[in-house]
Protein chains: 2
Amino acid sequence: MRIILFGFGIVGQSFAKLLLSRSDDLYTRYGIKPRIVSVIDSKGYVISQTGLDLERLLQIKKNRKSVYEYDYNVTLKGLRDELDIDDLLSLDAECMIDVTPSNLKSGEPSLSYITTAIKHGKNVITANKGPLALAFPSLIELARYNNIMLKFSATVGGGTPILEFAKHCLKGDDIRALRGILNGTTNYILTNMENGLDFNDALNDAKEKGYAEADPSLDIDGYDAAAKLVILANWIMNRKVTMKDVEFSGIRDIKKEEMNKLLKKGYTIKLIAECNDQLAVKPREVLKSDPLCVNGTLNAVTFVSEHSGELTIIGKGAGGMETASAILRDLIEIREDLGKI
Amino acid sequence: MRIILFGFGIVGQSFAKLLLSRSDDLYTRYGIKPRIVSVIDSKGYVISQTGLDLERLLQIKKNRKSVYEYDYNVTLKGLRDELDIDDLLSLDAECMIDVTPSNLKSGEPSLSYITTAIKHGKNVITANKGPLALAFPSLIELARYNNIMLKFSATVGGGTPILEFAKHCLKGDDIRALRGILNGTTNYILTNMENGLDFNDALNDAKEKGYAEADPSLDIDGYDAAAKLVILANWIMNRKVTMKDVEFSGIRDIKKEEMNKLLKKGYTIKLIAECNDQLAVKPREVLKSDPLCVNGTLNAVTFVSEHSGELTIIGKGAGGMETASAILRDLIEIREDLGKI
């Protein structure tokens with residue numbers, strides 16, 4: 001299976017490590033021999049039609065250089081700016097994997113990469129929320145029209161198979177509503193506030209630990225959770241919605257005193273994304289004993305099903321290797337579906 | 001799809017109601033037209049080769065009578081004692097569903113029903129832990145040899161798809177260990193003890209609420225959780241084990257004082273079933289903030305995966321409709337697999 005890999009940061013490198021460590025197993029259990037025929041990072045790209053050596057590529061990144069420095073069995077290489085995406089996606093390959101950083105304003109450049117890949121008949125796996133949050137209905141339509149598979153397990157819950165769970169494990173049942181903690185950074189900050197910190201100290205601690213960005217607004221103002229909610233609402237509950245349909249607010253205005261008062265009554269405040277008669281991301285009072293009420297950077301989603309009752313799934317919402325494992329699950333599903341044809 | 005239904009108590013009746021309420025949907029979404037050709041309850045049996053009327057059957061049970069009283073379009077009926085199981089299972093049918101009560105000592109009579117059904121080429125769905133806890137490896141072997149499907153989603157977690165989750169949602173990953181709260185009755189009692197009751201008062205309250213049997217020993221001495229652990233260990237972790245391989249103890253000896261002391265340190269006591277280097281069901285100290293630490297009659301299982309981290313799934317562990325929904329999932333999977341041939 002030939003793969004074009006867009007992005008080679010933490011997730012991309014973790015994916016390469018995962019392929020290396022599981023290569024025997026992937027072949028014997030699933031009949032997959034993955035071959036990366038091209039990698040694109042922020043500075044350059046490299047193409048090898050016979051397949052790139054992943055250990056060499058990882059070594060280059062360890063030395064903080066671009067994949068452009070790769071120099072073994074190369075078909076073509078160059079700087080990112082000089083790359084013609086249309087040419088690149090004409091390469092012989094079954095799958096394009098997109099692990100570029102998310103852009104929740106325009107979805108670019110990922111949105112263009114994905115639509116171009118689909119038009120060239122490549123199956124697509126993306127870990128990037130941006131394009132889906134802004135254009136889920138039309139991307140699914142485009143993929144169907146071109147008869148290709150578009151997979152995105154890694155966009156919600158990191159390694160926690162939230163999307164697969166709802167889609168595969170509840171056959172014959174109907175999901176009526178869902179609510180969840182979809183952003184680990186805000187959950188870490190709120191957990192800090194439960195432990196007595198005020199918002200600013202809690203945020204600074206999250207920055208120090210590497211959980212929050214220098215500009216943390218995507219997380220703490222609710223954009224990231226809203227983007228994931230859009231994906232869940234479309235995929236699990238067949239709503240044709242995008243970011244503009246979500247009513248959302250963040251956690252900036254939560255006061256330590258308010259938190260303390262609730263804690264004494266057995267409640268706490270969590271940033272809850274929910275899809276029922278409304279589509280919203282808001283701080284809510286939650287019972288401490290509710291299964292959804294997880295601490296630290298954990299993510300959790302509760303599905304309200306018609307016959308099986310309320311079902312909750314909890315796991316790490318981020319992490320390079322966790323996200324890479326979700327991409328690998330998508331790759332195995334694509335392989336299984338290609339096998340059926 | 002023709003079905004022979006063994007057992008017509010709460011779960012059997014809930015399953016009949018579920019089929020009635022979803023009949024249109026089952027046909028349009030999954031191509032299933034279920035037809036119950038025989039029902040056996042504790043007193044009698046009835047056979048109708050053209051299919052039994054489920055509403056009439058439910059009405060009979062509402063009047064606390066046996067299915068033996070059914071009198072419409074009957075091919076054959078009689079008392080349970082006079083029933084030749086071998087004859088019954090020679091009926092034309094694709095599937096036998098077993099919702100008879102569990103027997104964790106001998107697995108009977110369910111074990112004989114299941115083996116006879118398999119030998120007659122019927123696909124089997126069982127909600128009965130007994131046969132699997134005592135003979136999982138040999139039942140799976142027998143099913144494979146006869147090329148039939150043996151499904152048992154309802155045996156662990158009621159309506160919570162614990163078995164499917166581990167099997168279908170973690171492709172390309174390895175589950176290294178699991179631990180869980182698999183018995184709702186003991187969890188309800190322990191939650192009562194957290195709230196200040198001593199063991200006997202907590203047990204009596206569970207009896208009053210209908211969560212504990214008159215003889216509660218299957219639950220509180222750990223048998224029920226051990227049986228479910230055997231099923232998980234075989235199915236998820238490929239261990240060839242039965243009840244005799246589980247080291248287990250119950251919750252009778254837990255003291256209120258001990259619980260109080262732990263609570264002050266942020267811990268509580270839960271009856272934990274675990275499969276790692278050992279296979280055990282024992283009361284354990286668990287952090288109150290651990291995702292596994294659910295209250296009341298809830299069930300929860302944490303899977304320790306190699307790449308996706310720790311994943312927890314939480315839901316109701318019992319209930320007629322919840323268990324029926326798990327049986328329906330199995331039926332849909334059988335239909336999908338039959339369709340492939």
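When segment A:306-323 is limited to residues that are surrounded by 24 or more Cβ atoms within 10 Å (Cβ to Cβ) and more than 7 Å from every other protein chain (Cβ to nearest Cβ), the one that is farthest from A:A202 (Cα to Cα) turns out to be A:T323. Of all residues in segment B:27-53, those being touching a residue at least 40 places away in the same chain (Cβ under 8 Å) and either charged (D, E, K, R) or not in a loop (DSSP other than H, G, I, E, B) (or both) number 6.
Do we have A:L203 as away from chain B (no Cβ under 14 Å), over 19 Å from the mean Cα position of the chain (by Cα), assigned to a helix (DSSP H, G or I) and not aromatic (F, W, Y) here? So A:L203 passes the test. Tell me the residue from B:T191, B:T160 that is out of contact with any Phe, Trp or Tyr (no Cβ under 9 Å at 6 or more places or on another chain), in a helix (DSSP H, G or I) and within 14 Å of chain A (Cβ to nearest Cβ), please. One residue alone meets the criteria, B:T191. B:A280 falls short on exactly one of the conditions (1) small (G, A, S); (2) more than 14 Å from every other protein chain (Cβ to nearest Cβ); (3) in a helix (DSSP H, G or I), and that condition is (3). Inside segment A:176-209, residues that are in contact with a strand residue (DSSP E or B) (Cβ under 9 Å, 6 or more places away or on another chain) and without any contact (Cβ under 8 Å) to a residue 12 or more places away in the chain make up a count of 0.
Between A:S66, A:S112, A:S90, the distinction of being closer than 23 Å to A:K33 by Cβ and not assigned by TED's automatic domain parsing to the domain that holds A:M243 belongs to A:S90 only. Against the conditions (1) at pLDDT 95 or above; (2) more than 30 Å from A:E208 (Cβ to Cβ); (3) in contact with a helix residue (DSSP H, G or I) (Cβ under 8 Å, 6 or more places away or on another chain); (4) crowded, with 19+ Cβ neighbours inside 10 Å, A:G180 satisfies every one except (2).
Please state which one of A:K77, A:K119 is modelled with pLDDT of 95 or more, in contact with a Gly (Cβ under 8 Å, 6 or more places away or on another chain) and of a type outside the set (S, T, N, Q). Within the list A:K77, A:K119, the selection yields A:K77.
For B:R64, the conditions (1) modelled with pLDDT of 95 or more; (2) under 25 Å from the mean Cα position of the chain (by Cα) all hold with the exception of (1). Hey, does segment B:254-264 have a residue that's more than 14 Å from chain A (Cβ to nearest Cβ), assigned to a loop (DSSP other than H, G, I, E, B) and in contact (Cβ under 8 Å) with a residue 12 or more places away in the chain? Yes, because at least one residue in segment B:254-264 is more than 14 Å from chain A (Cβ to nearest Cβ), assigned to a loop (DSSP other than H, G, I, E, B) and in contact (Cβ under 8 Å) with a residue 12 or more places away in the chain.
The values are calculated or read from the model by the stated rules, or taken from the named source; none is laboratory data. Since we're looking at a predicted model, the values are computed, not measured. Ideal geometry is used to build each Cβ from the backbone, glycine not excepted, and the neighbour counts take in all protein chains shown.
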